[in-house]
1. Roughly how tilted is helix 48-57, in degrees to the nearest 10 and between 0 and 90, from the longest Cα axis of the chain?
2. Taking the C-alpha atoms of the chain, how large are the radius of gyration and the largest Cα-Cα span, Dmax, in Å?
3. How large is the accessible surface of His31 in square angstrom, using a 1.4 angstrom probe and rounding to the nearest 10?
4. For segment 24-86, what is the accessible area per residue in Å² when the probe is 1.4 Å?
5. How large is the helix-only mean residue ellipticity at 222 nm for the chain, computed as the sum of -39500 (n - 2.57) over DSSP H runs with n ≥ 4, divided by its residue count, in deg cm²/dmol to the nearest 500?
6. Does anyone have the angle between helix 96-125 and the longest principal axis of the chain? Alpha-carbon axes, 0 to 90°, nearest 10?
7. Hey, rough spin-label estimate for Tyr34 and Arg9, points 7 angstrom out along Cα→Cβ, what's it come to in nanometres?
8. From largest accessible area down, sort Arg56, Arg65; use a 1.4 Å probe on the protein chains.
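The values are calculated or read from the model by the stated rules, or taken from the named source; none is laboratory data. Keep in mind the model is a prediction, meaning the values are calculated, not measured. Virtual Cβ from ideal backbone geometry, glycine too; neighbours counted across all protein chains shown. Keep in mind that these areas ignore ligands, DNA and RNA; they rest on the heavy atoms of the full protein, side chains included. Shrake-Rupley method; radii C 1.70, N 1.55, O 1.52, S 1.80 Å.
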Amino acid sequence: MKASSLCFRAAVVLVIVGMGWGLQMAISQDHSTYPAHAHLNLLGWVSLFLFGLYYRLHPALERGRLAQAQIWAWIAGTVVMAIGVGLIHTGRPAGEPFAGIGAILAFASMLAFAWTVFRADRAAVAGQG
Ligand code: HEM
Ligand code: HEM
């Protein structure tokens, strides 16, 4: 699948879960898990959709293995981190390793994306894409 399509599809799935989580907090009047909700939406919806727009603007990157790995690491990191943070904020310290591993995965994914952006911009300056 094209990198941008993967981003757009995963982003809409994650925001439906994230909004459901928000509604659940609002209805129950228990906002204790809001940091997990916030990061699920900001990493899983906003950031992922922005990655998608970037890849759509750079068709040469769409089928690259680095792009696929970067997106899957971001999706996995976001989901694992949200679960971990959710567990921590419901009084379950067992969530800590999940939050940590998810955060590291997301951070590694962002480093890969930063490398892609710098490399693609250098190619654009050189007139290659
Ligand atoms: C049906 C949609 C949504 C509902 C019902 C909802 C509900 C909530 C609730 C109840 C809180 C806790 C507020 C508090 O106690 O301070 C919250 C926090 C937050 N939500 Fe949502 N949310 C929704 C969608 C979204 C979306 C789409 C995003 C991001 C694009 C988002 C980002 C945030 C952020 C960043 C916070 C933390 C705000 C802060 O630090 O005070 N939410 N949301
Ligand atoms: C590896 C990635 C990230 C880690 C480990 C991280 C960690 C944190 C931590 C520890 C807090 C304080 C939470 C609290 O006091 O309860 C926080 C808050 C916040 N972060 Fe992040 N963050 C990450 C990525 C991001 C990204 C990419 C965005 C936006 C696109 C973002 C937006 C926010 C916002 C809006 C808040 C305030 C709302 C809240 O407390 O949940 N974060 N983050």
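1. Helix 48-57 and the main axis of the chain meet at about 10 degrees.
2. Computed over the Cα atoms of the chain, radius of gyration and Dmax are 16.2, 56 Å.
3. Per-residue accessible area (His31): approximately 110 Å².
4. Value returned for segment 24-86: 53 Å² of accessible area per residue.
5. Helix contribution divided over all residues of the chain: -26000 deg cm²/dmol.
6. The answer is roughly 20 degrees.
7. Roughly 3.5 nm, to one decimal.
8. Correct descending sequence by accessible area is Arg65, Arg56.
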